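The values are calculated or read from the model by the stated rules, or taken from the named source; none is laboratory data. Just so we're clear, the structure is a prediction, and the values are computed from it rather than from any experiment. Note that each Cβ is placed from the backbone with ideal geometry, even for glycine, and that neighbours are counted across all protein chains shown.
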Amino acid sequence: MIGLTPERIAEELRGYSARLTEGVQTLGRIGEIEAGVTARDAVYREDKLTLYRYQPRVEQPHSVPLLIVYALVNRPYMMDIQEDRSMIRGLLDAGVDVYLIDWGYPDANDRRLTLGDYIHRYINHCIDYLRERCQQESVNVLGVCQGGALSLCFSSLYPEKVRNLITMVTPVDFHTPDNVLTHLIRHVNVDLLVDTFGNVPGAMLNFAFLSLSPFRLAGQKYVDLMDIIDDLGALKNFLRMEKWINDSPDQAGEAFRQFAKDFFQQNKLIKGEVVIGERQVDLRNLTMPILNVYATQDHLVPPPASKVLAGLNGSQDYSELSFKGGHIGIYVSARAQREVPPAIAAWLLAR
Amino acid sequence: MTDQTETPSAAPNPFDTELLIKQARSYLAFGEQMSAFSSQLHDSLQGGGDWGAVLRQNFDQFKAATIGAAGDASAAPEHGQLWTQMLDLWRQSTSSLGLGAPAGGETEAWQGYLQVQNQYLDLLRQSASSALDLLEQQLHDRAASGKSIDSLRELYNLWVDCNEKTYGQMLRGLDYSELNGRLFNSLLQCYPKGETRS
């Protein structure tokens, strides 16, 4: 039974209003929120791309570098968002030599960039740079989410350059029944979208993500914020996440067109029908060791969408790492810090 | 060359305080609605009514008031926003992208888009109505098992859960996928293919 009375509600609302007033003042004073905490050096640049090397945290890091290929949507500092929530720091502490591609912010000059440019040119050039720099025939690659799909394409086209491949919360089958992103874009006229905008606005992608859970993400979250308004540390953590969520680069139009149509709408990756710059992507070319990391409660990339890779690759050394958590929790949760980087590092260092 | 943090010029402000205030207003409106509902409920129970019947009667009134708020120009906008969260998001997003009514009058394409938007609103209305049915059922279930709701916040969280559940079911339906596509496409058809926005 509802034990609430109008008086009780009024009292609660008065308390909430007082905290809101205090909260707005606190938020006004808090200043710039920084994200991305680990020291790094820019070692290679091409157009808007910057390749970073994270400064090692052990005396003798592993000789084979690891290149992190992040998604084109959102910003890669999610992997290093704060000192106690940093997958990159965890990998460094375990002795991995970590590099990361920052794609930057595409503008109108980039609207003609294709997936061919991203894969044959940008990723390929970064990997050649690392092979040369580290004097290695091949390097390790960790692809994240959409960056995982790009990494699968690259590794299939250039298997000789990839020593070990790690895919993390990576969609492979885009038509599993529970794939809500595909569901949302299935009937959208992608040509009309790209032809209208040129580059696809990041704000539109933000809308799509928020639309998956609007009552929580656009409502309850801000009501709950008043619970931590006195806790400066927790408040800054919240704001860091807000910054990341809203920091959505526009998507280069032609690359978006192909990704949306070929991957989401037509599911060509698992059919072996994706063509990148006139070369066909065949996942059976993935003969290198593969570690496929997925999150059991991932609402954006459901586990079956990732796990299908098991039956499609050509590797003799395929394994999976299941993380009990969601698409974001796999980077930022306390459990992820304990479980994921050490497991990836152990897998890598054993090969 | 060491670059410890990236603060690119395109990065947005960390937090939109106006958004917080807007959501806070919605929460306060929820509190007002629940206060009125609670008052009616207690009055009816003091008159000796049966809990289930009283809840049903008052809930029907509450439901009509909540759902009706969006179509009622005299209602406080926060009341309607309680269940049109999604439509609100859509309008904010399209507005931020400059996708308003085309200059030079309301074109046929724009009218077509508004029709689709109304269909979208209808679907959201059905989802919100189902959420309130679910909330009523949950209150019944709690009462039957002797569990009480003792704070507005607890009730709000339950209301959010119910909305997310019915909205999620709607989102995963074939109708929604098709309508979402038509919503985007009909809006985009209002503008020239100029590739001039970015």
The one condition B:GLN169 fails out of (1) in a loop (DSSP other than H, G, I, E, B); (2) at pLDDT 85 or above is (1)
Note: among B:GLN111, B:GLN189, just one is farther than 20 Å from A:GLY219 by Cα and either surrounded by fewer than 16 Cβ atoms within 10 Å (Cβ to Cβ) or away from chain A (no Cβ under 11 Å) (or both), namely B:GLN111
Those residues of the range A:14-54 which are buried (at least 17 other Cβ atoms within 10 Å of the Cβ), part of a helix (DSSP H, G or I) and acidic (Asp, Glu) amount to none
Within the range A:12-29, the residues that are facing chain B (nearest Cβ under 9 Å) and either in contact with a Lys or Arg (Cβ under 7 Å, 6 or more places away or on another chain) or of a type outside the set (A, V, I, L, M, F, W, C) (or both) are A:GLU12, A:TYR16, A:SER17, A:GLY23, A:GLY28
Flagged in the range A:178-193 as more than 9 Å from chain B (Cβ to nearest Cβ) and assigned to a loop (DSSP other than H, G, I, E, B), in numbering order, are A:ASN179
Are any of the residues in the range B:147-163 crowded, with 17+ Cβ neighbours inside 10 Å, in contact with a Lys or Arg (Cβ under 7 Å, 6 or more places away or on another chain) and charged (D, E, K, R)?
no
The correct count of residues that are within 30 Å of B:LEU28 (Cβ to Cβ) and at pLDDT 90 or above in the range B:100-116 is 0
Scanning the range B:1-27 for residues that are surrounded by fewer than 17 Cβ atoms within 10 Å (Cβ to Cβ) and modelled with pLDDT of 80 or more, the one farthest from A:ASP247 (Cα to Cα) turns out to be B:ARG25
Yes or no: A:ASN285 more than 7 Å from every other protein chain (Cβ to nearest Cβ) and out of contact with any helix residue (DSSP H, G or I) (no Cβ under 7 Å at 6 or more places or on another chain)? no
Within the range A:194-207, restricting to residues that are touching a helix residue (DSSP H, G or I) at 6+ places or on another chain (Cβ under 6 Å) and either more than 7 Å from chain B (Cβ to nearest Cβ) or buried (at least 20 other Cβ atoms within 10 Å of the Cβ) (or both), the one that is nearest to B:SER95 (Cα to Cα) is A:PHE207
So the strands (runs of 3 or more DSSP E) completely within the range A:63-164 holding 3 or more residues that are of a type outside the set (Val, Ile, Thr) and in contact (Cβ under 8 Å) with a residue 24 or more places away in the chain are A:98-102, A:139-144
| said: Taking the criterion of being within 20 Å of B:LEU89 (Cα to Cα) and more than 10 Å from chain B (Cβ to nearest Cβ), would at least one residue in the range A:144-164 satisfy it? | reply: no
Among the residues of the range A:202-239, the number that are within 27 Å of A:ASP110 (Cβ to Cβ) and assigned to a helix (DSSP H, G or I) is 9
